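Following: one structure in structure tokens, then a few remarks.
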Amino acid sequence: MFSKILIANRGEIAVRIIRACKEMGISTVAVYSEADRDTLHVAMADESYCIGPAQASDSYLDQEKIMSAALISGAQAIHPGYGFLSENAGFAKLCMKNGIVFIGPDPVSMEQISDKTMIKSMISKTRLKPIPGTDALQSLEEAVEAAAEIGYPVMIKARSGGGGRGIRLVNNESELLRDYALAVSESESAFGDGAVYLEKFIYPAHHIEVQIISDETGHVVSLGERDCSVQKRHQKLIEETPAPLVTSEMRSKLIEDVADAVKAIGYVGAGTLEFLMDTQGNFWFMEMNVRLQVEHCVTEMLTMIDLVKWQIRAAAGVPLRFNQSDIRFSGTALECRINALAPGTLEYLHVPNGHGVRFDTFLVQGVKVTPYYDSLIGKLIVYAGIREEAVRKMKTALSELIIQGIPTNIGEQYNIISSPEFMDGTYDLTIMEDK
């Protein structure tokens with residue numbers, strides 16, 4: 001097992017990883033920008049290094065500075081969290097070159113899986129069904145021809161996309177002609193890769209994802225599915241597990257098919273396979289994420305498996321100590337993402353508590369929320385033995401959560417949770433349309 005890990009991230013996920021390391025007896029190294037000098041993850045770590053100014057491109061995305069901090073500190077491994085360098089194969093290669101373990105997949109697996117057209121081709125050889133679509137397009141003319149064959153509406157997607165970025169819905173040829181060049185430009189600007197592809201637009205649908213963990217022996221365990229259909233402008237707001245409309249029979253087959261697919265790919269570590277579930281209950285594969293997900297907490301609450309610890313163990317070559325038969329999907333866990341709506345300084349914080357309530361955050365009194373990074377400032381998670389009780393518990397917890405000095409979306413989250421379609425579990429990706 002590693003004796004020292006550097007956390008190449010910030011905010012609540014850096015705090016989450018440091019806590020896991022402390023519980024495992026592992027020393028921690030924090031890196032931080034000048035804007036984050038006085039934040040919680042820096043205070044919690046055993047040692048810390050400033051890696052540059054506030055802009056992420058000059059700090060949290062600067063591979064050489066992070067590697068220098070790792071080498072100076074004597075860290076044996078780097079945990080990237082999510083976002084930033086978590087899916088950067090070049091950084092994983094840099095770690096390997098310097099004899100440091102990247103807590104995630106190997107660079108070759110990352111390159112293959114992060115290429116959304118390549119992973120769909122790999123998945124097509126398994127029992128999972130990719131959404132009908134194209135490989136990376138070479139021209140507008142090719143896009144027009146392909147869209148006519150697939151049938152409108154279609155989605156234009158960035159090959160290297162993530163986080164809901166680089167996505168455009170086109171309903172007809174005129175919209176494709178209008179939006180194709182814009183999508184290519186957006187993809188190039190956001191990801192340094194202008195390649196885009198087309199995918200059939202499945203509507204209405206549920207966004208379902210399956211969490212897996214695997215080790216170097218090829219042992220794969222699925223920790224169940226999450227429904228992530230509450231989204232605003234392709235950004236997730238609320239997640240829950242198990243998905244309310246997925247039956248036990250559907251779940252069993254999905255888990256088996258996913259495990260077999262992951263074994264075929266040869267993936268090691270924590271990962272998530274994402275699907276669209278149509279109105280007939282078919283699961284259409286979209287993509288695979290090779291990192292920890294923001295919403296990993298609901299899976300932890302339901303299964304009592306600490307995903308961060310098992311990520312670290314898998315990277316150290318430790319085999320899984322549990323089997324699929326050990327995982328139980330009893331009860332319901334919900335997560336609401338708490339986002340800052342504008343920069344501010346935290347004046348007062350009251351965190352809800354009680355049995356089955358968890359709040360992951362980096363907030364402490366006086367901390368400044370700056371405009372430089374993601375708006376996520378906390379994740380409120382609850383668990384109860386039945387879904388109706390979990391929904392009521394979340395409403396109670398949202399009512400108790402007080403954040404003063406920073407405008408947040410707590411009120412919006414309460415309204416969503418209280419809506420009839422969420423209360424009865426019938427919501428899908430249309431729930432936030434026109435909101």
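What the table shows:
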| item | result |
| --- | --- |
| Percent breakdown of C-alpha pair distances by 5 Å bin, ordered from the shortest bin, for the range 191-257 | 3, 13, 18, 18, 17, 16, 11, 3, 0 |
| The range 316-375 - convex hull of alpha carbons, volume per residue in Å³ | 179 Å³ |
| Share of alpha-carbon pairs per 20 Å distance bin for the chain, given as whole % | 25, 60, 14 |
| Scattering profile of the range 322-435 at q = 0.10, 0.20, 0.23 Å⁻¹ [log10 I(q)/I(0), Debye over alpha-carbon scatterers] | -0.35, -1.09, -1.27 |
| Per-q log10 I(q)/I(0), the range 157-209, q = 0.13, 0.20, 0.21 Å⁻¹ (Debye; single scatterer per alpha-carbon; no solvent) | -0.33, -0.72, -0.78 |
| Average accessible area per residue (Å²) across the chain - probe 1.4 Å, nucleic acids and ligands excluded | 40 Å² |
| Convex hull of Cα atoms in the range 1-137, direction-averaged projection (nm²) | 10.0 nm² |
| Length added when fully stretched, ASP306-ASP434, from 0.36 nm per residue minus Cα-Cα | 42.4 nm |
| Under the Karplus curve 6.51 cos²θ - 1.76 cosθ + 1.60, θ = phi - 60°, whole-Hz ³J(HN,Hα) for the range 2-11, x wherever Gly or Pro sits | 5, 9, 8, 10, 8, 9, 8, 6, 9, x |
| Peptides 75-81, 114-120 ordered by average Cβ neighbours within 10 Å, highest first | 75-81, 114-120 |
| Between the range 369-403 and the range 226-266, the alpha-carbon center distance in angstrom | 21 Å |
| Rg to Rh, two decimals, where the range 362-406 supplies the alpha carbon set and Rh follows Kirkwood | 1.09 |
| Value of Rg to Rh for the range 395-435 (Rh from inverse mean 1/r over Cα pairs, i.e. Kirkwood) | 1.04 |
| Whole-percent pair-distance distribution, where bins are 10 Å wide, for the alpha carbons of the range 284-389 | 12, 33, 34, 18, 3 |
| Reachable lysines from LYS263, criterion Cα separation under 19 angstrom, eight or more residues apart if same chain | LYS116, LYS120, LYS125, LYS129, LYS253 |
| The range 352-367 and the range 55-131: distance between their alpha carbon centers, rounded to Å | 29 Å |
| With every protein chain in place, the chain: carbon and sulfur % of accessible area (1.4 Å) | 50 percent |
| Rg/Rg_ref, the range 252-301, where Rg_ref = 2.2 N^0.38 Å and atoms are Cα | 1.22 |
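The values are calculated or read from the model by the stated rules, or taken from the named source; none is laboratory data. Source: prediction; values computed, not measured. So basically every Cβ, Gly included, is an ideal-geometry build from the backbone, and we count neighbours across all protein chains shown. When the accessible area is computed, the model is the full protein with side chains, heavy atoms only, and any ligands, DNA or RNA have been set aside. Shrake-Rupley method; radii C 1.70, N 1.55, O 1.52, S 1.80 Å.
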